[in-house]
Structure formats: C-alpha cells, structure tokens
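Okay, structure first, notes after.
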Amino acid sequence: MFEAYLRSADCRNVLDYVFRTEGGDFAGYLSWWMDRDSNTVMLNPVACVEQYRKRGYTQAAISQGLQILR
C-alpha cells in the first residue's frame with residue numbers, strides 16, 4: 001500500500017520537513033500538502049518534541065517552509 005502511495009500523484013504534492021536543534025537533535029516535523037490546481041497549501045501535521053517547544057524551532061520551520069513554497 002505504501003509503495004502505491006509513493007507512485008501516486010498525491011505523494012509528489014507533499015513537502016515533508018524535519019527540523020533539528022543547533023546541536024543536531026531531532027526537534028520536530030511538519031508536512032505541507034499542496035493543491036496546485038487551486039494554488040493553496042495545507043500545513044498538517046505539525047509536531048515538536050516537548051522539550052523544544054516555545055523556543056522558536058516550529059516558527060522557524062514554518063517560515064522556512066513558506067520561503068521554499070513561494
């Protein structure tokens with residue numbers, strides 16, 4: 001089932017983004033789902049490891065993702 005998804009058009013419309021701390025520790029991830037027909041993007045899911053919350057990592061990852069998508 002997963003291999004079929006990887007071959008589908010839906011897979012090509014997702015930008016998965018993993019972010020790390022300055023020290024290289026895993027801090028979280030997010031996924032951008034793009035609809036090219038309507039020129040819209042949905043951000044879902046967004047996750048940040050609890051010990052790194054409220055330190056700006058998620059905000060920085062979202063900002064960088066928006067820059068990539070422009």
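The values are calculated or read from the model by the stated rules, or taken from the named source; none is laboratory data. Fair warning: this is a prediction, and the values are worked out from it, not measured in the lab. FYI the Cβ positions are ideal-geometry reconstructions off the backbone, even for glycines, and counts take in every protein chain you see. Only protein heavy atoms, including side chains, enter the accessible area calculation; ligands, DNA and RNA are left aside. Shrake-Rupley method; radii C 1.70, N 1.55, O 1.52, S 1.80 Å.
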### Task
For the chain, with all protein chains present and a 1.4 Å probe, just round the carbon and sulfur fraction of the accessible area to a whole percent.
50
## Note on the structure
Sorting Phe26, Gln59, Val14 by the position of each Cα along the dipole of the chain (Lys, Arg +1; Asp, Glu -1; all at Cβ), the one nearest the positive end of that ordering is Gln59
### Task
Note the full-extension length gain between Ser63 and Trp33 as 0.36 nm times their separation in residues minus their Cα-Cα distance, in nm to one decimal.
9.3 nm
### Query
Given a 1.4 Å probe, how much area per residue of the chain is accessible, in Å²?
78
#### Entry: Two-site FRET efficiency, Val14 against Thr40, from Cβ-Cβ distance with R₀ of 22 Å, rounded to 0.05
0.95
### 0 to 90° range, to nearest 10: angle between helix 57-69 axis and the chain longest Cα axis
30
### Message
Can you show me the helix-derived [θ] at 222 nm for the chain, built from DSSP H runs with n ≥ 4 at -39,500 (n - 2.57) apiece and divided by the number of residues, rounded to the nearest 500.
### Response
-8000 deg cm²/dmol
### Task
Would you mind listing how long the chain runs along its three principal axes, going by Cα atoms, in whole Å with the largest first?
35, 28, 16
### Query
If you place +1 on the Cβ of every Lys and Arg, -1 on the Cβ of every Asp and Glu, and leave all else neutral, what size is the dipole of the range 16-70 about its Cα centre, to the nearest 20 Debye?
180
### Query
Normalised by the number of residues in the chain, what is the relative contact order in percent for Cα pairs under 8 Å and 6+ residues apart?
23
